[in-house]
Amino acid sequence: MKKPFKLLIIDDAEEILNALTNFFTKKKYDVVSASNGLEGLKHIEAEDAAFDLIITDLVLPSISGVAIISIAKKKFPDTPVIAITGWGEHPESLAKEAHADHVLEKPFKLPELEQLVIKLLADE
Amino acid sequence: MSNHSKSKTGPPIVGVSKNMERVRELIEHVAHTGLNTVVFGESGVGKEVVAQNLYQKSPRFGKPFIKINCAALPEGLLESELFGYERGAFTGAEQKKKGKFQLAHSGVLLLDEIGDMSLPLQAKLLHVLQSGGGFSPLGSEKEVQTDTWVIAATNHDLKKAIDEGKFREDLYYRLNIIKIHVSPLRERPEDIPLLIDFYTKEYAAMLNDRHIEKPSAQVIDRLCVYSWPGNVRELQNVLKRMLVLGDSNQIVDELLNGERTSSPTSEATNGPNQQVSLTQIIDLDGKNSPDNQSFSLKSAKKEAVEMVEREIISHVLAKTDWNRSKAAKILKISYKTLLYKISDLNIIPPEK
Ligand SMILES: Nc1ncnc2c1ncn2[C@@H]1O[C@H](COP(=O)(O)OP(=O)(O)O)[C@@H](O)[C@H]1O
Ligand SMILES: [Mg+2]
């Protein structure tokens, strides 16, 4: 059997993090989830970090999604990153500057996100 | 003390509270990134210590660490201090001057009290950050390119300032790539005994380990229930007073009584400007002790003059409600000299 794709998902909104984690786990992805930027950063810095794709919320306490994107892209330039933003928050342009592969605005449909993930993983 | 210095090493971050541990952990993880950072917290909580620790743990350590207080200068002067100017750029610009942004090149620029920066300057700062550190000094055609790690500090709620139209939202997001919150000391009393211990040792070392009496366990307990409106800076002042005057119990009595009878905006908040003895002002027993290698009449005198100036200017500014032209008249110095002194001596306006 083919090894499942490994995703890192970071969001501080519990219900969103749970929804995303459950959705992608059901779709047979290997999901690592983090509820804040520091936790997410620790996963990225871990020695065995080998994520195929990262999904991060942009507005997070302490270490923002923009920071996550910058740090991840520096360490793993080829790993695609999808940024998701909340309502009335405007750091999209910063996410682009940090080389996020895609910025998705909430609300979005889960299948829409999945299509994006499939596309980015295929491009890789 | 001048408001900037090269590769200055600050104290470690002392404390065992959740907040201090979190702050230390964040520093470990982000110091190498050079990403724009904002340190939030009340006056005297240790925002500058956090900035210094970020710098010390970063690859930029050893390069310049430049600090500027955005609340102390009016817009025009702050702009010229930040970005510099060419000779003749405006009346009084007799020679070319490098801005702090350029002086901090390859190192760190600490923008203290960023919440007090005027909207037009916020726009200019945003532009500089967007362009990756490029700008033209006033009166200059040539663009200078800088690689400066911008760390900002504030005691304002910037979100609220955005709602009130006083702070640009786009600048807020650009600066807040990393956010570090430092809690007020009253919310982490468990740090107080450690801070007392650390600073008692530090002051003792300054006094060449002459026997000094550490506050008793009972005094420390009482200090832990005080609300510390001036945070760690106030604790340092109280500790110094105790070590110099020796009458710890009386000093705690005064603190706790004062708290009961006065509003929280009174004296204690002005921690840095409290009355102290002359020996203490000059720190003759401490940093400027003739027993120290670095002692010289010249340096001790310079420091003493700065401290006396700071004290007097703060006093007159407080009396005039920070009406700077009135204060300048009373002090019999020019308005411009006063503004430079406010900046150089790092005199901070009261919170509005
Ligand atoms: N956690 C800490 N450990 C050691 N010293 C501290 C700590 N927090 C504050 N200080 C000291 O207290 C004083 C005030 O701190 P500072 O960083 O200037 O506060 P702020 O910038 O928030 O006004 C400084 O002398 C600083 O060294
Ligand atoms: Mg400060």
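The values are calculated or read from the model by the stated rules, or taken from the named source; none is laboratory data. Bear in mind the structure is a predicted one, so any value in this text is a computation, not a measurement. Quick reminder, even Gly has a Cβ in these numbers, built from the backbone with ideal geometry, and neighbours come from all protein chains shown. Keep in mind that these areas ignore ligands, DNA and RNA; they rest on the heavy atoms of the full protein, side chains included. Shrake-Rupley method; radii C 1.70, N 1.55, O 1.52, S 1.80 Å.
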If the label point sits 7 Å along Cα→Cβ of B:VAL16, residues of region B:189-233 with amide N under 13 Å come out as B:189-198
Theoretical gain in end-to-end length, A:ALA50 to A:ALA19 [0.36 nm per residue, Cα-Cα removed] | 8.9 nm
Accessible area in square angstrom per residue, chain B, 1.4 angstrom probe = 49 Å²
Find, to one decimal place in angstroms, the Kirkwood hydrodynamic radius of region B:1-103, where the mean of 1/r is taken over every pair of different Cα atoms and then inverted.
-> 15.6 Å
Under 11 Å from the B:LYS98 label point (7 Å along Cα→beta-carbon), backbone N, region B:42-86 = B:64
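Scaled to the compact-protein estimate 2.2 N^0.38 Å, what is the alpha-carbon radius of gyration of the protein assembly as shown, rounded to two decimal places? Can you show the working numbers first?
Numbers: Rg = 25.2 Å, N = 476, 2.2 N^0.38 = 22.9 Å.
Here the answer is 1.10, to two decimals.
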Taking 7 Å along the Cα-to-C-beta vector as the label spot, tell me the B:ASN257-B:GLU25 distance in nanometres, rounded to one decimal.
-> 4.4 nm
Compute the Rg to Rh ratio over region A:10-106 from the alpha carbon atoms, using the Kirkwood formula for Rh, and round to two decimal places.
-> 0.93
How much net charge surrounds B:TYR85 when only the other residues with a Cβ under 11 Å from the Cβ of B:TYR85 are counted, with Lys and Arg +1 and Asp and Glu -1?
-> 0
Per residue of region B:36-53, in order, report the coupling 6.51 cos²θ - 1.76 cosθ + 1.60 (Karplus, θ = phi - 60°) as ³J(HN,Hα) in whole Hz, putting x for Gly and Pro.
-> 3, 9, 10, 9, 9, x, 4, 4, x, 7, x, 4, 5, 4, 4, 4, 5, 5
With each label point set 7 Å from Cα along the Cα-Cβ vector, what nm distance links B:GLU303 and A:LYS2?
-> 6.9 nm
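What is the Å³ per residue value for the convex hull set by the Cα atoms of chain B? Show your work: numbers first, answer last.
Details: hull volume 52.7 nm³, N = 352.
Hull volume over Cα atoms, normalised by residue count, gives 150 Å³.
Direction-averaged shadow area of the convex hull around the Cα atoms of region B:185-261, nm²? List each step's numbers first, then the result.
On the way: hull surface 18.6 nm².
So the mean shadow area of the Cα hull is 4.7 nm².
About the Cα centre of the protein assembly as shown, what is the dipole size in debye to 20, counting +1 per Lys and Arg Cβ and -1 per Asp and Glu Cβ, all else neutral? Let's see the in-between values first.
Numbers: 60 positive and 66 negative charges, 262 e Å.
Here the size comes out at about 1260 debye.
What translational diffusion coefficient, to the nearest whole µm²/s, does region A:62-124 have by Stokes-Einstein, given a Kirkwood radius computed over alpha-carbon pairs, a temperature of 37 °C and 0.692 mPa s viscosity? Mind dumping the intermediate values first?
On the way: Rh = 12.2 Å.
Translational D for this selection: 269 µm²/s.
Just to verify a number: FRET efficiency for B:ARG324 and B:CYS224, C-beta to C-beta distance, R0 = 41 Å, to 0.05? Mind dumping the intermediate values first?
On the way: r = 39 Å, r/R0 = 0.96.
Efficiency computed from Cβ-Cβ geometry: 0.55.
For the protein assembly as shown, with all protein chains present and a 1.4 Å probe, just round the carbon and sulfur fraction of the accessible area to a whole percent.
Values: 12400 of 23420 Å².
The value for the protein assembly as shown is 53 percent carbon and sulfur by accessible area.
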